[in-house]
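Undergrad: I have a structure I would like to understand better, so I am pasting it below and will then ask my questions one at a time.
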Amino acid sequence: MFNCLASVYRPEILATMKSIQFANVEDQYRKYAGELRTSDVQKLREWASSQPHLPPITELELILFLHSNYYDMDAAQRTVECYYTFRSSCKNLFGNRNLETSAIQMAMDVLDLAILPDPTPEGYRVLLAKIVEPDASKFSLSSILTFALMCVDIQLWEEGCNNGSILIIDMDGIHLGHLPKLGIFTLKDLLYFIQEGLPIRLKGLHLANVVPFINRIMTMIKPFMKKELLEIFHLHTSMQTLFPYIPQHLLPADYGGIARPRKVLRDDMYNHTTECADFLVKYDTLKRVDESKRIAKQRTMSNLFGLF
């Protein structure tokens with residue numbers, strides 16, 4: 001097996017990363033034995049090493065890229081390219097991931113984000129999001145998504161591969177005052193990254209307690225949603241029609257489930273994300289694409305979307 005961490009991070013940087021408990025690569029191979037092969041991981045590593053513009057990539061990251069693409073090598077290479085290039089280029093979502101900024105602190109007050117403790121019967125991990133601050137003047141979509149993606153990063157690194165991921169957005173509390181704050185370019189960036197760069201197997205995207213003006217929101221986002229995403233995208237006027245997809249007992253107590261309340265799960269995630277603040281900053285510094293070394297045509301924000 002490869003030394004997946006020490007080969008990438010210098011010792012003085014490793015010393016600041018104790019709060020990150022990276023998923024064990026040996027466990028990943030055991031969990032997906034017969035599908036996840038060391039020879040494929042090595043092949044992907046060799047390809048990445050032949051791309052001088054890419055940053056060093058750990059074994060765990062290589063495994064995530066392969067697994068999320070169902071071990072399709074070409075697809076995994078495209079995801080690697082998108083993941084690092086987009087994170088290096090997209091200022092809307094990755095421009096400033098310093099948890100101490102007032103914008104990120106505000107985002108933590110506006111958004112409740114929680115990972116449900118137990119997976120679905122299919123083994124899918126469920127992420128629940130809800131806007132809890134009614135004052136639309138405090139709502140910054142870019143800052144909220146920036147922070148949310150930091151939380152998702154940590155979840156990925158610590159859990160490793162899973163059978164799939166489901167996102168629930170509880171729209172209760174969102175009102176017309178939020179509508180002008182839904183920047184179309186930020187939404188476009190998010191949908192692009194979810195579909196092309198995020199190394200997960202997305203199994204469902206659910207909007208629950210949808211607002212009366214949902215058609216206006218759909219008009220904004222639908223042009224940026226590929227057929228595969230539309231097929232797993234669901235609107236729910238209440239929580240009841242969500243339960244065939246996510247059993248109610250898995251949800252927090254305030255949704256009628258047996259999991260701890262949403263606020264408690266949210267605090268657990270936010271406290272841990274805060275503990276990992278130094279790592280997140282250093283990761284972004286190290287994991288940048290060097291366009292001056294790119295062999296192929298340079299990727300920019302304008303032609304990245306040509307991959308759609």
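Undergrad: Please work out the Cα center distance from the stretch 220-287 to the stretch 89-106, rounded to the nearest Å.
TA: One Cα centre to the other: 19 Å.
Undergrad: In a shell of Cβ-Cβ distance under 14 Å around Tyr29, excluding Tyr29 itself, what net charge do Lys and Arg (+1) and Asp and Glu (-1) give?
TA: Working: positive: Arg30, Lys31, Arg37; negative: Glu26, Asp27, Glu35, Asp40, Glu59.
Neighbourhood net charge equals -2.
Undergrad: Considering the alpha-carbon set of the stretch 102-279 alone, what are its Rg and its Dmax in angstrom?
TA: Over the stretch 102-279's Cα set, Rg and Dmax evaluate to 15.4, 41 Å.
Undergrad: How charged is the neighbourhood of Leu202? Take every other residue with its Cβ under 12 Å from the Cβ of Leu202, and add Lys/Arg as +1 and Asp/Glu as -1.
TA: +1
Undergrad: With a 10 Å cut-off between alpha carbons and a GNM built on the chain, which of Leu176, Leu54, Leu190 moves the most?
TA: Per the Cα network of the chain with a 10 Å cutoff, Leu176 tops the list.
Undergrad: Of Ile221, Ile115, Ile166, which has the largest mean-square fluctuation in a 10 Å C-alpha GNM of the chain?
TA: Answer for the Gaussian network model of the chain: Ile221.
Undergrad: Would you look at the GNM of the chain, springs on alpha carbons closer than 10 Å, and say which of Ala253, Ala114, Ala33 moves the most?
TA: Looking only at Ala253, Ala114, Ala33, the largest GNM fluctuation is found for Ala33.
Undergrad: Compute the normalised compactness of the stretch 145-241: alpha-carbon radius of gyration over 2.2 N^0.38 Å, N being the residue count.
TA: Normalised by 2.2 N^0.38 Å, the Cα Rg of the stretch 145-241 equals 1.11.
Undergrad: Write down the percent of antiparallel bridges among all DSSP beta bridges whose residues are both part of the chain, to the nearest 5.
TA: The antiparallel fraction comes to roughly 25 percent.
Laboratory data are not the source of any read-out in this text; all were calculated from the coordinates shown. Since this is a predicted model, take the numbers as computed values, not measurements. Because the Cβ atoms are built from the backbone with ideal geometry, glycine has one as well, and the counts that use them run over all protein chains shown.
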